[in-house]
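Report on one structure; see the data block that follows.
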Amino acid sequence: MIDYRPMIQLGDYLRLNALRFPDRPCFVRSDGSALTYAETNSRVNRLADALAARGMTRGTRLAILAVDSCEYYEVILASLKLGATYVPLNNRLADGEVATLLERASPKALFVSSRYVDTARRVAPDVPGIDLLVDFDSRELTPYEELLAAGSDVEPAVAIADADIVGLAFTSGTTGLPKGVLQPHGMVKSLLSLQESEYEWLPGEFRYTASPAFHIAGQAMVLGHIKRGYTTLMLPQFDPESTLRWMDRSGGLTGCFMVPTMIRKVLDLPGARAADFSAFRSIIYGGAPMPPTLLHEAMETFGCRFIQAFGAATEGGLQTALSSADHERAVAGEPHLLGSIGRPAAGVELRLVDPDDKDVEIGQVGEIITRSDAVMSGYLEMPEESARSLKDDWFRAGDLAYRDAEGFYYLAGRSKDMIIRGGENIYPVEIETVIADCPGVASVAVVGRPDDYWGETVAAYVTAHEGFTPDPEDIRRRCRERLAKYKVPETIIVVPEMPLNASGKILKRELRRRAATAAAT
C-alpha cells in the first residue's frame with residue numbers, strides 16, 4: 001500500500017498565490033513597505049535552495065529566536081517547502097532556558113534578530129550540531145540577505161506526508177515547564193481549515209495577528225492569510241499605539257487577532273474613542289478568558305464583528321468558537337452568551353467527562369476532551385506525557401467547562417488552576433468574572449493560596465485602570481453578593497502589572513508562587 005501524501009502541501013499555498021496574485025502585497029511592514037506574493041515566493045525559494053545546499057532538507061530542524069518579521073515567516077515557509085521542521089523559540093526566555101530548548105531540539109541552524117545575536121553567541125557553541133548562525137537584520141553573524149543571495153529561485157521538489165513533523169513548538173509554560181510539541185503537516189493543514197470554517201473571513205482582507213510568530217496562533221493566522229491570498233501586517237511586537245493607527249480607516253486594516261489583555265491596552269489609549277473604525281471588519285480573540293464587561297466595551301468602541309476562538313492550539317488546535325451571530329444575540333438580550341466559549345468548531349468532537357471518563361450532565365463541570373485532525377503527534381521524548389494527553393485517542397489539555405441546554409460551553413478554568421478549599425472545588429473563572437466588573441479593575445487573576453486549616457484559600461490579584469485605586473473591601477462586598485461565601489477571596493492584592501508571557505497570557509504559576517511565599521511569611 002502506498003502511503004498517502006497530500007497533493008497540495010502547506011508550502012504550496014504561497015506558490016499558488018504568487019501565480020494568482022503576483023503583485024498583491026503578502027507582507028506589509030510597520031514602515032509601510034511591502035513584499036508582494038511574487039517577491040515573497042522568490043525569496044522563500046532562494047532561502048530553501050541555500051539551506052538545501054548546506055544539507056538542510058527534509059527532517060532538519062531550524063530554530064528561530066527573533067521578534068516578528070517578514071524574514072521570520074520566510075524561514076517557516078522555506079521549512080514547509082523543504083519538509084524541514086521549524087523550531088520557534090520564545091523570545092522572552094533567559095539564555096539558560098534558550099540553551100536547554102536548543103539542546104532538546106538539536107537544530108542544525110539558528111536564525112536570530114539583532115537583539116538576540118549575543119544570546120546566540122553565548123549559547124550556540126555549547127549546543128552540538130548547530131552548523132549555521134544567521135541574523136536577520138545585522139551583519140554580526142551570517143547575514144540573512146547574503147544567505148538568500150546564495151540560493152536560486154527554484155521550487156523545491158519535496159514530497160511531504162501528513163505525518164511528517166513540520167513544527168516543534170515548546171509550550172508557553174503558564175502552568176509548568178515547557179514541553180516540546182510535535183506538530184505534523186496534517187495537523188497544521190487541518191488547523192488552517194478550521195480557521196476558515198469559523199473565523200468568518202471575507203475576500204481581500206488585510207489582517208494582523210498580535211500573537212507572536214513563535215506561537216502556533218501567530219503562525220496559523222499568517223499561514224491562513226497566505227492560503228487565502230490575504231495581506232498580513234507585520235509588526236515586530238505588539239504595540240497598542242501602532243495597532244490602533246493601523247486599525248483606523250487611514251491604516252487600512254480590516255481585522256486582527258488579539259488576546260484580551262491586548263484589547264484592554266488598545267481601549268485604554270486616549271485616541272481609541274476618536275478613531276474611525278468604519279473599515280474595520282472583525283476581531284478574533286482568544287488565548288485567555290474575556291471578561292464580559294471588557295467585551296461589551298470593545299464591541300461598543302470598535303463596532304465590528306467579534307469571534308471568539310478557544311482551544312489548546314499548540315497541541316490540540318481550535319476546539320470551540322463563539323460566532324459573531326452569537327455575540328449579536330448577546331447584545332440583543334442574551335448577555336450570558338458573552339461568558340461562553342461557544343460551541344464545538346466544525347469537524348471537532350468534544351466531550352465533558354468526569355475523572356472516570358464518563359460524560360457529565362448538562363450544567364456539571366467536566367474536563368474538555370476532543371478529537372479532530374488538528375492534534376499534535378505527541379511530546380518530544382516524553383512518552384508518558386504524550387500517552388496522558390492523548391489517552392484513548394482523545395486529546396486532553398486539562399481545561400474544565402460546563403455545557404448549557406443549548407449546547408454552549410462555559411469555561412471553568414484548568415484542572416491545575418482549580419482551588420480546593422476545605423473539600424470544596426472552586427473554579428477561578430467564576431470569581432474572575434465577578435471581580436472584572438468591579439470599578440477600577442483592569443485585569444484580574446485568581447489563584448489558590450496555601451492554608452494550614454483549609455488547604456487552600458482564594459487569593460485575587462488585580463491591576464487598576466489609570467487614575468483608579470480598587471478598594472479590596474468593595475471587591476469582597478461585590479463577591480459576597482454574587483458568590484457563595486467560600487468563594488469570596490480572603491486575600492486581594494493590587495499589583496502594578498500582571499506577570500505575562502510573550503503571548504499576553506497571565507502567568508498564574510508566578511502568582512501561585514507569590515501567594516505561597518506570602519503564606520509562608
Just to be sure I understand the filter: pairs with C-beta atoms under 7 Å, separated by 6 or more residues or on different chains, first member in the stretch 493-521 and in a loop (DSSP other than H, G, I, E, B), second member buried (at least 17 other Cβ atoms within 10 Å of the Cβ) and among the acidic types (Asp, Glu). Which pairs pass?
Pro499/Glu510
Qualifying residues in the stretch 266-293 (those that are under 13 Å from the mean Cα position of the chain (by Cα), under 24 Å from Ser193 (Cβ atoms) and not hydroxyl-bearing (Ser, Thr, Tyr)) - the one most open to solvent (accessible area, probe 1.4 Å):
Gly287
Collect the residues in the stretch 118-129 that are assigned to a helix (DSSP H, G or I) and surrounded by 19 or more Cβ atoms within 10 Å (Cβ to Cβ), keeping them in residue-number order.
Thr119, Ala120, Val123, Ala124
What residue, among those in the stretch 299-322 that are of a type outside the set (A, V, I, L, M, F, W, C) and either over 16 Å from Met258 (Cα atoms) or in a helix (DSSP H, G or I) (or both), is nearest to the chain's Cα centre (by Cα)?
Thr314
When you scan the stretch 28-56, how many residues do you find that are among the aliphatic types (A, V, I, L, M) and within 15 Å of Ala84 (Cβ to Cβ)?
8
Go through the stretch 394-430 and report how many residues are within 21 Å of Asp326 (Cα to Cα) and modelled with pLDDT of 90 or more.
10
Consider Val441 carefully, then state whether it is within 30 Å of the chain's Cα centre (by Cα), crowded, with 18+ Cβ neighbours inside 10 Å and closer than 14 Å to Pro291 by Cβ.
yes
Search the stretch 47-61 for residues being among the hydrophobic types (A, V, I, L, M, F, W, C) and open to solvent by 10 Å² or more (accessible area, probe 1.4 Å), and hand back the single one that is nearest to the chain's Cα centre (by Cα).
Ala52
What residue, among those in the stretch 62-114 that are modelled with pLDDT under 95 and of a type in the set (Asp, Glu), is surrounded by the most Cβ atoms within 10 Å (Cβ to Cβ)?
Glu97
Checking Ala459 against (1) within 26 Å of Pro212 (Cα to Cα); (2) not in a helix (DSSP H, G or I), which single condition isn't satisfied?
(1)
Identify, please: which residue in the stretch 131-141 is of a type in the set (D, E, K, R) and open to solvent by 40 Å² or more (accessible area, probe 1.4 Å) and is, among those, nearest to the chain's Cα centre (by Cα)?
Asp137
Residues satisfying the stated conditions in the stretch 227-250, i.e. under 16 Å from Gly204 (Cβ atoms), open to solvent by 10 Å² or more (accessible area, probe 1.4 Å) and touching a helix residue (DSSP H, G or I) at 6+ places or on another chain (Cβ under 6 Å):
Lys227
Quick one: which of Leu202, Leu223 is under 22 Å from Gly252 (Cα atoms), among the aliphatic types (A, V, I, L, M), in contact (Cβ under 8 Å) with a residue 40 or more places away in the chain and open to solvent by 20 Å² or more (accessible area, probe 1.4 Å)?
Leu202
Suppose we filter the stretch 9-35 for residues that are free of Cβ contacts under 8 Å to residues at least 60 places away in the same chain and touching a helix residue (DSSP H, G or I) at 6+ places or on another chain (Cβ under 8 Å); how many remain?
4
Please find, within the stretch 403-421, the residue that is most open to solvent (accessible area, probe 1.4 Å) out of those that are assigned to a loop (DSSP other than H, G, I, E, B) and in contact with a helix residue (DSSP H, G or I) (Cβ under 7 Å, 6 or more places away or on another chain).
Asp417
Looking at (1) closer than 22 Å to Ala217 by Cβ; (2) at pLDDT below 90; (3) not acidic (Asp, Glu), which one does Val331 not meet, given that it meets all the others?
(1)
Among what's in the stretch 352-380 and is within 27 Å of Gly180 (Cβ to Cβ) and free of Cβ contacts under 8 Å to residues at least 60 places away in the same chain, pick the residue that is most open to solvent (accessible area, probe 1.4 Å).
Arg371
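Residue-by-condition table, conditions (1) in contact (Cβ under 8 Å) with a residue 24 or more places away in the chain; (2) in contact with a Gly (Cβ under 7 Å, 6 or more places away or on another chain); (3) farther than 21 Å from Ser443 by Cβ; (4) of a type in the set (Asp, Glu):
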position: Leu294; (1), (2), (3), (4): yes, no, no, no
position: Ala309; (1), (2), (3), (4): yes, yes, no, no
position: Arg329; (1), (2), (3), (4): no, no, yes, no
position: Ser340; (1), (2), (3), (4): yes, no, no, no
Note on Glu490: of the conditions (1) under 13 Å from Val447 (Cβ atoms); (2) without any contact (Cβ under 8 Å) to a residue 40 or more places away in the chain; (3) open to solvent by 40 Å² or more (accessible area, probe 1.4 Å), unmet is (2)
Here the residues within the stretch 506-521 that are surrounded by 19 or more Cβ atoms within 10 Å (Cβ to Cβ) and not β-branched (Val, Ile, Thr) are Lys508, Leu511, Arg512, Ala515
Kindly indicate which of Asp126, Asp153, Asp137 is more than 26 Å from Thr243 (Cβ to Cβ) and modelled with pLDDT under 95.
Asp126
Would you say Thr232 is in contact with a strand residue (DSSP E or B) (Cβ under 9 Å, 6 or more places away or on another chain), free of Cβ contacts under 8 Å to residues at least 60 places away in the same chain, within 28 Å of Gly271 (Cα to Cα) and hydroxyl-bearing (Ser, Thr, Tyr)?
no
Unique match (being surrounded by fewer than 22 Cβ atoms within 10 Å (Cβ to Cβ), touching a strand residue (DSSP E or B) at 6+ places or on another chain (Cβ under 7 Å) and in a helix (DSSP H, G or I)) among His296, His327:
His327
Is it fair to say Glu466 is without any contact (Cβ under 8 Å) to a residue 12 or more places away in the chain and either outside any strand (DSSP E or B) or crowded, with 20+ Cβ neighbours inside 10 Å (or both)?
no
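The values are calculated or read from the model by the stated rules, or taken from the named source; none is laboratory data. Values in this document were obtained by computation on a predicted structure and should not be read as measured data. For neighbour counting, all protein chains shown are included, and Cβ atoms are generated from backbone atoms with ideal geometry for every residue, glycine included. All accessible areas refer to the heavy atoms of the entire protein, side chains included, with ligands and DNA or RNA removed. Shrake-Rupley method; radii C 1.70, N 1.55, O 1.52, S 1.80 Å.
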